[in-house]
Amino acid sequence: MTNRTFTMLKPDSVEKGNVGAILEKINASGFRIVAMKLTQMTRRDAEAFYAIHNERPFFGELVNYMTRGPVVAAILEKDNAVEDFRALIGATNPAEAAEGTIRKLYASSIGENAVHGSDSDENAAIEGAFHFSSREQF
Ligand code: IDP
Ligand code: MG
């Protein structure tokens, strides 16, 4: 599935009412929404989703953040989806994100950075399947 990526509009984006603006930007950038829902991760979900970071000093903070309210989870389709979406969201730290990127526009810090984007085709498939059954993908 080289043409798909997975995203979450994180709890800060939902809290601040930025979901509509971010989705508009995603659509305007040529991504097709394949699956989407508002959902809240349990601590177990977040610990599993971010397991690769479980030794990092910010892991507890990351799990608290990602579970404190609902996220908008979505699968997106476009040629070169993973790379193009990472370019659209910008650097992890919004202070380092390019002008016009979603994180530059909507993230408040390296921790609360508005949006997730898969970092490889393999992880996009794993993360999409984490949140959506095949019947929820269009
Ligand atoms: P990414 O989301 O750009 O791929 P990763 O390094 O994979 O960034 O980190 C996953 C998430 O963990 C980030 O999006 C951010 O929410 C959080 N995070 C990363 N680095 C830090 C940090 O230094 N302090 C606090 N939170 C962090
Ligand atoms: Mg990452």
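The values are calculated or read from the model by the stated rules, or taken from the named source; none is laboratory data. Just so we're clear, the structure is a prediction, and the values are computed from it rather than from any experiment. No Cβ is skipped: glycine too gets one built from the backbone with ideal geometry, and neighbour counts run over all protein chains shown.
Of the helices (runs of 4 or more DSSP H) lying entirely inside region 1-114, those containing at least 1 residues that are under 24 Å from Ser134 (Cβ atoms) and either away from ligand 2 (no atom under 14 Å from the Cβ) or over 14 Å from the mean Cα position of the chain (by Cα) (or both) span 19-28, 43-49, 81-89. Which of the residues spanning region 89-120 are surrounded by 16 or more Cβ atoms within 10 Å (Cβ to Cβ) and more than 12 Å from ligand 1 (Cβ to nearest atom)? Residues satisfying the conditions are Lys104, Leu105, Tyr106.
You will find that of Ala97, Ala74, Ala114, Ala91, the residue that is of a type in the set (A, V, I, L, M, F, W, C), on the phi > 0 side of the Ramachandran plot and at pLDDT 95 or above is Ala114 and no other. Is it true that Arg4 is basic (Lys, Arg), in contact with a helix residue (DSSP H, G or I) (Cβ under 8 Å, 6 or more places away or on another chain) and surrounded by fewer than 18 Cβ atoms within 10 Å (Cβ to Cβ)? Against the criterion (basic (Lys, Arg), in contact with a helix residue (DSSP H, G or I) (Cβ under 8 Å, 6 or more places away or on another chain) and surrounded by fewer than 18 Cβ atoms within 10 Å (Cβ to Cβ)), Arg4 does not qualify.
Looking across region 115-138 at every residue that is of a type in the set (Asp, Glu), touching a residue at least 12 places away in the same chain (Cβ under 8 Å) and not in a loop (DSSP other than H, G, I, E, B), the one that is nearest to ligand 2 (Cβ to nearest atom) is identified as Glu127. Pairs are defined by a Cβ separation below 8 Å, a sequence spacing of at least 6 or placement on different chains, a first member in region 77-101 that is of a type in the set (Phe, Trp, Tyr), and a second member that is within 15 Å of ligand 2 (Cβ to nearest atom); the pairs so defined are Phe85/Thr5; Phe85/Thr7; Phe85/Gly117; Phe85/Ser118. When you check Glu61 against the structure, is it farther than 20 Å from Thr5 by Cα, touching a Gly at 6+ places or on another chain (Cβ under 9 Å), touching a residue at least 12 places away in the same chain (Cβ under 8 Å) and surrounded by fewer than 17 Cβ atoms within 10 Å (Cβ to Cβ), yes or no? When the stated conditions are applied, Glu61 passes them.
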